[in-house]
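Participant: Sharing a structure here in structure tokens format.
Every number in this text was worked out from the coordinates using simple rules, so none of it is lab data. All values reported here derive from a predicted model rather than from experimental measurement. Every residue, glycine among them, receives a Cβ derived from its backbone with ideal geometry; neighbour counts consider all protein chains shown.
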Amino acid sequence: MIQTIDIPWLYDRHSHVSLYAALQGCPDLSGRTPEEALALLRDLPEDRVTTVVGWHSSRMKFTPGQLEPLPPAILVNFSLHGFALTGAARRILGPDHPELLERQGDPEWCERNMERLLVFFGQSAGLTAAKLDSFMTGLQRVGIGAVEDMLLTDEGALRVIQGSPWSGRIRCWTTPAIYRSLSADAQAAVAGLKLFTDGALGARTAAMEEAFMGGGGDGLLIYTGFGLERELAELQALGKPIAIHAIGARAVGQVVTALEGLAAQGLAFPWVRMEHVQFISLDDARRAKALGIVLSMQPNFNSDSEDYADRLGPAELAANNPFRMLVDEAGFNCGEDLIFGSDGMPHGVEYALQWSLFPAFPGQRLTVEELTAGYGLPPEGQGHSTLSVDEDRRKVRLLDSEADAPSRGAGFQGTGQPG
């Protein structure tokens, strides 16, 4: 049976606008042979550092001798977990980024400093009004009308956003380090602070309870338990909401325990979001619920239960994104203390609905109504998406995404509150 449904444009609660938009339009090595890639790199400008995307470090290996004579360029790994520099780029960037350049070949250091790498990539590529317009228009084409930038790269990017027709549709969060570098009015405009506590599944650095199959250990925790509680206590004094990245079960448990410790001291944030929380137990879910924590998750990451069968065991594949447990047993409510985004992997209503209706495991399933409520809606009258749902083939397809009203800058003012 095939049915056609209309869904209003959604509000993506987790993306990286100032990073992803800045990387748009950069020279791209995707689909090129090593020889073709080197030819592209040789033709880059000599008078400035160029950010280059689409480099697959495992498929396209360059020797130091090949990179040394090239024009100044940063080669960003397609996964964003790592980069390479030409010799000219090292000489230009070295004075301003000595530690980053010194430790770039250390995978664990890169994982522990992932936010610094992402900020570095975004700042190097640079956000412009044209890039932002292209990015946001692209989101509308896939059914997204408003978005949260979970890693504002710098004040310059904020000014581009504030000066654009899209300013009312983008809420910005940033790291504590970037926040402290902002002017007072820019700090006031930022919705909250973003903290990382573990790595990622793709890099085998999410802090799991079981070791990854095929090597990589059981991931890494960025903080010790005491260190995280101390860091959170210092950030609480800034008076901003906080969003905490935690994917693996060990990281999720550590965050909940640290927040319980703060609560026992009478310390509280205006509100707390936990980002991703793909592996959360019923016990930790109930503890988080009791603390009033908002879970910010990605239904499209249900696909990790198929994509990462090479590194996660059967029990972990089934435990990923336990939406039914969170709603039916722990009592979380979509759109209130359970909210959804995409992390840009990928953006859009089609993939999110595909993996919500037809997940790898029944415990991951969300209804259309739950998905829509969890994302939430931008201002009324923005637009809607028409999709076909083929129950027999278990397939969702975006047919069209159209604007109901052309006023791109109206409505949706960031308030620092979920929903």
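Participant: Report relative contact order for region 23-150 in percent, whole number only (criteria: Cα-Cα under 8 Å, sequence separation at least 6).
Facilitator: So the answer I get is 22 percent.
Participant: Moving to a separate point now. In sequence order, what are the phi-derived ³J(HN,Hα) couplings for region 357-374 according to the Karplus relation 6.51 cos²θ - 1.76 cosθ + 1.60 with θ = phi - 60°, rounded to whole Hz, with x for glycine and proline?
Facilitator: Running phi through 6.51 cos²θ - 1.76 cosθ + 1.60 with θ = phi - 60° gives 7, 10, x, 5, 9, x, x, 9, 6, 10, 7, 4, 5, 5, 4, 5, 5, x Hz.
Participant: Using a Förster radius of 51 Å, what is the FRET efficiency between E210 and D392 based on their Cβ-Cβ separation? Nearest 0.05, please.
Facilitator: 0.90
Participant: So for region 104-194, averaging the separation of alpha carbon pairs under 8 Å that are six or more residues apart and normalising by length, what relative contact order in percent results?
Facilitator: Relative contact order, region 104-194: 26 percent.
Participant: Another one. Listed highest first by mean packing, meaning other Cβ atoms within 10 Å per residue, what order do 108-116, 80-88, 16-24 come in?
Facilitator: 16-24, 80-88, 108-116
Participant: Can you work out the FRET efficiency for the pair E99 and R324, with r the C-beta to C-beta distance and R0 = 41 Å, to the nearest 0.05?
Facilitator: For E99 and R324, the calculated efficiency is 0.40.
Participant: Okay, next question. F83's amide H: which non-local residues (gap 5+, or another chain) put their own amide H closer than 5 Å, with H modeled 1.01 Å from N in plane and none for Pro or chain starts?
Facilitator: For F83, the qualifying residues are N77.
Participant: Starting with the highest mean, order 209-215, 157-163, 373-379 by the number of other Cβ atoms within 10 Å, averaged over the residues of each peptide. Kindly include the intermediate steps, with their values, before the conclusion.
Facilitator: Details: 209-215: 13.4, 157-163: 19.4, 373-379: 21.9.
Ranked by mean Cβ neighbours within 10 Å, highest first: 373-379, 157-163, 209-215.
Participant: Order 336-344, 141-149, 41-49 from most to least packed using the mean count of other Cβ atoms within 10 Å.
Facilitator: Sorting 336-344, 141-149, 41-49 by mean packing, highest first, produces 141-149, 336-344, 41-49.
Participant: May I ask for the equivalent-ellipsoid semi-axes of region 173-321, computed as the square root of five times each C-alpha gyration tensor eigenvalue and listed largest first in whole Å? The partial results should precede the final answer.
Facilitator: Numbers: eigenvalues 157, 54, 39 Å².
The equivalent ellipsoid of region 173-321 has semi-axes of 28, 16, 14 Å.
Participant: Can you give the extra length, in nm with one decimal, that the chain gains between Q3 and A264 once fully stretched, where that is 0.36 nm per residue apart less the Cα-Cα distance? Write out the running numbers ahead of the final one.
Facilitator: Working: separation 261, 0.36 × 261 = 93.96 nm, distance 5.13 nm.
Roughly 88.8 nm would be gained on extension.
Participant: Mind putting a number on the dipole of region 117-162 about its Cα centre? Charges go on the C-beta only, +1 for Lys and Arg and -1 for Asp and Glu, and I need it in Debye to the nearest 20.
Facilitator: Magnitude of the dipole: close to 160 debye.
Participant: Neighbour counts of other C-beta atoms within 10 Å: give me K395, K131, K194, K289 arranged from fewest to most.
Facilitator: If I rank by nearby Cβ atoms, fewest first, I get K395, K289, K131, K194.
Participant: May I pose another question? Counting only residues 5 or more places away or on other chains, whose amide H sits under 5 Å from the amide H of T205 once H atoms are built in the peptide plane?
Facilitator: A200
Participant: Restricting to Cα pairs below 8 Å that are 6+ residues apart, what does the relative contact order work out to for the chain? Please round to a whole percent.
Facilitator: In percent, rounded to a whole number, it is 19.
Participant: Further question: Suppose the chain between D133 and R286 were pulled fully straight at 0.36 nm per residue; how much longer would it get relative to their current alpha carbon spacing?
Facilitator: 51.0 nm
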